[in-house]
1. Where does each of Met68, Met121 land when they are ranked from fewest to most other beta-carbon atoms within 10 angstrom?
2. Could you check the spin-label model distance between Arg130 and Arg22? Points 7 Å from the Cα along Cα→Cβ, value in nm.
3. Using a Förster distance of 35 Å, how high is the FRET efficiency between Asn97 and Arg59, based on the Cβ-Cβ distance and rounded to 0.05?
4. If amide hydrogens are placed 1.01 Å from N in the peptide plane, which non-local residues have theirs closer than 5 Å to the one on Leu174?
5. Contour minus end-to-end for Asn29 and Lys87, with contour as 0.36 nm per residue of separation and end-to-end as the Cα-Cα distance?
Amino acid sequence: MHEPVKPAPNEPDDMLDWLVYRHWDPVLNRYGPIRDHYAYNGGDVGTENVVPDLSLEARLTLSSEVEMIAIMIRSGGDRFMVRIPVKGEGSVEVARNDHKQLVVPWATPLAEVDHWPCTVMLQASVVDHRLTVTLDGQPLFQPLDYDNPFAGPPWDESPIAVGVRGGALSVSDLKIFGTFTIQALWAVSRVILTA
């Protein structure tokens, strides 16, 4: 926990505090992209199989002061940012490689919360060129399909992050899944962020 980030006077409060996952590659003994050490269809074991498609699952507990939560998830060279307003202030925003995407909003479960703190299950994935995000199993927008994956820059060590603006956010039961092995690559018991 740390003190909330305060914007400078007359500056918009767009600052987010982030919990960023950095992947440690035990074979290469350094940070790097998530790799599938079990080759597809039982081939030779190796470290060259970078996993481009990932899914995230986490239990989030939000204080009443939270204004927005955000998810950053990468797939190959594409970086998706999803901003989810709390208490019905605005609608879900999605950006791909810093370019706003048009999405059809479906649900705003955080706008209907009447007791705080509130706990929700977040699920987000980018698999087979489709971005989906749900809270408590409710899709927040129509899945975003894209046919032109960005080829670069190369994958990095931080494929997933969860952000918050305002208040406190507790993240527990965080799991990251890869598409080939469908196994949890990393789990955290509890992390608390304060914005």
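Derivation of every value follows stated rules applied to the coordinates shown; laboratory data play no part. All figures in this text were calculated on a predicted structure; none of them were measured in a lab. Virtual Cβ from ideal backbone geometry, glycine too; neighbours counted across all protein chains shown.
1. By the 10 Å Cβ count, ascending, the order reads Met121, Met68.
2. Taking the two extended label points, one gets 3.5 nm.
3. About 0.75, to the nearest 0.05.
4. So Leu174 has HN proximity to Arg59, Val188.
5. Using 0.36 nm per residue and subtracting the Cα-Cα distance, I get 16.5 nm.
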